[in-house]
Amino acid sequence: MIRIVFAEDHQALIDGFAAYLEYSGEIKLIGTANDGEELINLVRKKQPQVVITDIRMPKLDGIEATKTIHKEFPHIKIIALTMFDQKELVQKIIQAGANGYLLKNSGLRMLCEAVKKVMAGENYYDPNLSQNFFKEFVENPAGKETKTLLSKRENDILYQIALGRTSQDIADKMFISKSTVDTHRRNMARKLKLSGSNALLQYAVETKFP
């Protein structure tokens, strides 16, 4: 059972998610918060496996709350839930330590899918994010400096990572095994002198959106 806490300043959304999970045998809601300060205190008390947080909240926003939670509990997975389809917010929440970014209009089923994906060690980014969001990656996926460090296959994989795709998604798209993708990811991180589960995605975002 995956234990989660949910922070959202609209109680109706929390209530809807709680009702959706009532008969779930995989995900359990162990606490809710209506602002960022309450979320941090809840996480310290409950020690969940996954945190779902709105970005715009009273007292302390989701980005600052994510920074604190990630610093104190780096093993806890964090998913940002928001109505805003903005690359600047995605960049900030990734830098803060989030493992996923989901739009509120994507539905509760997709939210549950995101929870399972991040618990499996993947990043999850809403497939409904506008295509314009990733336009710059299409033109130049990784930047000139990165291209000289990485092989063509590694640059291709970094491009897919920049699009928010999981290792399994990349494996399926490129007709290779997930273990091969994971090996490439480790080699890329070594070449780029990166560490941490989100480091490659953060690097790709920072390269294109300074």
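Annotations for the structure displayed:
- Among the residues of the stretch 1-48, the one identified as aromatic (Phe, Trp, Tyr) and farther than 22 Å from residue 83 by Cβ is 23.
- For residue 207: the one exception among (1) modelled with pLDDT under 80; (2) in a loop (DSSP other than H, G, I, E, B): (2)
- Odd one out for residue 68, checked against (1) more than 12 Å from the chain's Cα centre (by Cα); (2) under 26 Å from residue 185 (Cβ atoms); (3) among the hydroxyl-bearing types (Ser, Thr, Tyr): (2)
- Conditions (1) touching a residue at least 60 places away in the same chain (Cβ under 8 Å); (2) crowded, with 17+ Cβ neighbours inside 10 Å; number of the one not met by residue 16: (2)
- For the stretch 89-114, a residue qualifies if it is among the small types (Gly, Ala, Ser), over 23 Å from residue 194 (Cβ atoms) and out of contact with any Phe, Trp or Tyr (no Cβ under 9 Å at 6 or more places or on another chain), and the qualifying residues are 106, 107.
- Some residue of the stretch 51-73 being in contact (Cβ under 8 Å) with a residue 12 or more places away in the chain, part of a helix (DSSP H, G or I) and surrounded by fewer than 14 Cβ atoms within 10 Å (Cβ to Cβ): yes
- For the residues 48, 58, the requirement of being outside the structural domain of residue 166 (by TED's automatic domain parsing) and more than 21 Å from residue 196 (Cβ to Cβ) singles out 58.
The values are calculated or read from the model by the stated rules, or taken from the named source; none is laboratory data. Computed from a prediction, not measured in an experiment: that's the story for all the values here. So basically every Cβ, Gly included, is an ideal-geometry build from the backbone, and we count neighbours across all protein chains shown.
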